[in-house]
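Asker: Let me give you the structure first, and then I'll get to my questions.
The values are calculated or read from the model by the stated rules, or taken from the named source; none is laboratory data. Worth saying up front: this structure is predicted, and the values here are computed from it rather than measured. Neighbour counts run over all protein chains shown; Cβ positions are idealised from the backbone, glycine included. Just so you know, the surface numbers come from the protein's heavy atoms only, side chains and all, with ligands and any DNA or RNA stripped out. Shrake-Rupley method; radii C 1.70, N 1.55, O 1.52, S 1.80 Å.
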Amino acid sequence: MQIHNNILIAECSTYDFKEMLERKKVKSWLKSVSAFANTDGGSLFYGVNDDGVIVGLENPQADADFISEMIKARLDPVPEVQLIPIEHEGHTLLEVKVKAGTLTPYYYYQDGTRTAYVRVGNESVECNSQQLLSLVLKGTHMTWDSLPTQVDASKHSFIILANTFREQTHQEWNDKYLESFGLVTPEGKLTNAGLLFVDNCTVFQSRIFCTRWTGLYKDDAISSVEHRANLVLLLKYGMDFIKNYTMSGWVKMPNYRLNLPDYSDRAIFEGLVNHLIHRDYTVMGGEVHIDIYDDRVELVSPGAMLDGTQIQDRDIYKVPSMRRNPVIADMFTQLDYMEKRGSGLRKMRELTEKLPNFLQGKKPQYQTEATSFYTTFYNLNWGENGRIPVEEVANRVNSTLEKYPVNEKSSVKTFGDSQKSSEKTFGDSQKTSVKPKRLGRTAQSILDLIISDGSISQDKMAEKIGVSKRAIEMQVANLKAKGLLVREGADHGGYWRIVTNPQNKK
């Protein structure tokens, strides 16, 4: 709290101003006490008007006694509250500081009716059914995905999960992992998370809807498909659909191919993983949506921010990593689908920032609306007037590309989009007097991987390409010697940068 020129300056989401204590309308302020206790805590300031101007209280001691009495009589359970008198320039105001509770939900009780409230922005609003369920689970120190079911684990198989674990980690699967990962209880029952990973998943809301729209809006659909399966398959089906209905072209450089994908595969993969992990599975009629337009890819899932805030109002680099479904998140971590630390929202933006500078476009945007979370990825090769012409792409790639003029008889190669591209390639090495030696397959594959994920490790390169780490180290050293590849930053936390003009490298 800060006071400037007799005006109280405070965050709207954690503070409420009350000019006076309303003794006949206790619900008007007790609902804020309930909301603060059910959310992240906060304070009510009495003796401050709606504009934050300090007007003071006539009898702060009597007001404090009444507030304490009403909290004990009308809230169940009774939250932890501090009553703090504050003196400022002859005025006395009263702070009612409410601590975030651990015994949620905290109900307001009157005439036999119990109502729980949560804080949304600068308002205290009544909980909906999903929010109330989350509060009940929070109060019992449980999450939805960790709750046991009455389904016998022995009647279901985890072959898909086991095979994926072997492929991703290069370790042997052991059925004992099912209990240690929280998919099966010690009594042999599946948890809710376990139901989402069995081969024949029957959880109705474990679905994705995939649509490729014509143009920039939801008008006519080129293709639309629904998948209902376990989470491992949903991730695969979703990524396959995105790859099939987005373009990935390349341009011909003097001695190698330079990919020009519309999107970073790694960033989109991170986004889809986040939407599958952090969605609200208590919403029975909800599912993850993948909507592909000409200029963007949108991912939508049920469930807004866990703390009730609006993501568009937050600094993305200061949002803590919070897991609505920690068992599911841990399972994806064990599968090496996500990092053990850090926010996935930051990771998506960092992946875009670490793309080669000729592919850096608008960063992914996040938005919450009602009870849904949106992630939007923007086409890296799309401008205000549509798809960027090849000549402009050439200028973005290298300001000295006049050495390698556009070959009007060639065309950019595209993959998996129903709308064929008419763009042209540039950098035809046949225009040069001496034909440079082309890069080998492994070296080209390294560049292709770096285009999608500039922070990829050499171990991961070896795994994806299918060669030894020693072979990767030799190829990386060769690319560095040719001036095509530079390492920015430390080995851990840094990233790779492709140099498009090695003749002028520093």
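Asker: Report, to the nearest whole %, how much of the accessible area of region 1-149 belongs to carbon and sulfur atoms, 1.4 Å probe, protein only.
Answerer: 49 percent
Asker: While we're looking at this one, here's another question. Please work out the Cα center distance from region 221-296 to region 100-128, rounded to the nearest Å.
Answerer: Region 221-296 and region 100-128 have Cα centres spaced 38 Å from each other.
Asker: Treat each spin label as a single point 7 Å out from the Cα along the C-beta direction, and report the residue 471 to residue 313 distance in nm.
Answerer: My value for the distance between the label points is 5.4 nm.
Asker: When ranked by the protection proxy of mean other Cβ atoms within 10 Å per residue, highest first, what sequence do the peptides 204-212, 124-132, 34-42 form?
Answerer: 34-42, 204-212, 124-132
Asker: While we're on this one: Taking the solvent-accessible surface of protein heavy atoms with a 1.4 Å probe, what is the per residue accessible area of region 228-279 in Å²?
Answerer: 28 Å²
Asker: If you take the square roots of the eigenvalues of the alpha-carbon gyration tensor of region 162-217 and sort them as a ≥ b ≥ c, do you get rounded (a/c under 1.5), prolate (a/b over b/c) or oblate?
Answerer: Oblate shape, in that a/c is at least 1.5 and b/c is the bigger or equal ratio.
Asker: Taking square-rooted eigenvalues a ≥ b ≥ c of the alpha carbon gyration tensor, is region 31-164 rounded, prolate or oblate, where a/c under 1.5 means rounded and, failing that, a/b exceeding b/c means prolate?
Answerer: Taking the square roots of the gyration eigenvalues as a ≥ b ≥ c, region 31-164 is prolate.
Asker: At R0 = 56 Å, how high is the FRET efficiency between residue 20 and residue 180 if r is their beta carbon distance? Nearest 0.05 is fine.
Answerer: Rounded to the nearest 0.05, the efficiency is 0.50.
Asker: Mind ranking 113-122, 240-249 by how tightly packed they are, going by the mean number of other C-beta atoms within 10 angstrom, highest first?
Answerer: Most protected by this proxy first, the peptides run 240-249, 113-122.
Asker: Per-residue counts of other Cβ atoms within 10 Å, averaged by peptide: what ranking do you get for 84-90, 350-356, highest first?
Answerer: Top to bottom by mean Cβ count within 10 Å: 350-356, 84-90.
Asker: Through the Karplus equation 6.51 cos²θ - 1.76 cosθ + 1.60, θ set to phi - 60°, convert the phi angles of region 42-54 into ³J(HN,Hα) values in whole Hz; use x for Gly and Pro.
Answerer: For region 42-54, the Karplus-derived couplings read x, 9, 9, 10, 9, x, 9, 7, 4, 8, x, 7, 7 Hz, x marking Gly and Pro.
Asker: For residue 28 and residue 61 in one chain, what is 0.36 nm times their gap in residues minus the Cα-Cα distance, to one decimal in nm?
Answerer: Gain in length upon complete extension: 9.8 nm.
Asker: What's the FRET efficiency of residue 490 with residue 336 using the Cβ-Cβ distance as r and R₀ = 22 Å, to the nearest 0.05?
Answerer: The value I calculate is 0.50.
Asker: Just going by the charge dipole of region 7-97, with Lys and Arg at +1 and Asp and Glu at -1 on Cβ, which of 77, 96, 59 is farthest out on the positive end?
Answerer: 77
Asker: Taking a 18 Å limit on the Cα-Cα distance, which of the listed pairs 252/460; 138/318; 437/482 fall beyond it?
Answerer: Violating the 18 Å limit, Cα to Cα: 252/460; 138/318.
Asker: Sticking with this structure for a sec: Can you list the aspartates and glutamates whose alpha carbon is less than 18 Å from that of residue 354, not counting same-chain residues fewer than 8 positions off?
Answerer: Excluding near neighbours in sequence, the set is 262, 265, 270, 339, 448, 453, 488, 491.
Asker: Give the calculated FRET efficiency between residue 69 and residue 141 to the nearest 0.05, with a Förster radius of 35 Å applied to their Cβ-Cβ distance.
Answerer: Here the calculated transfer efficiency is 0.70.
Asker: While we're here: Taking all protein chains in place and a 1.4 Å probe, what share, in percent, of the accessible surface of region 228-363 do carbon and sulfur account for?
Answerer: That fraction is 46 percent.
Asker: Tell me, in nm to one decimal, what length is gained between residue 207 and residue 392 on full extension, where the rule is 0.36 nm per residue of separation less the Cα-Cα distance?
Answerer: So the chain would gain 62.6 nm between residue 207 and residue 392.
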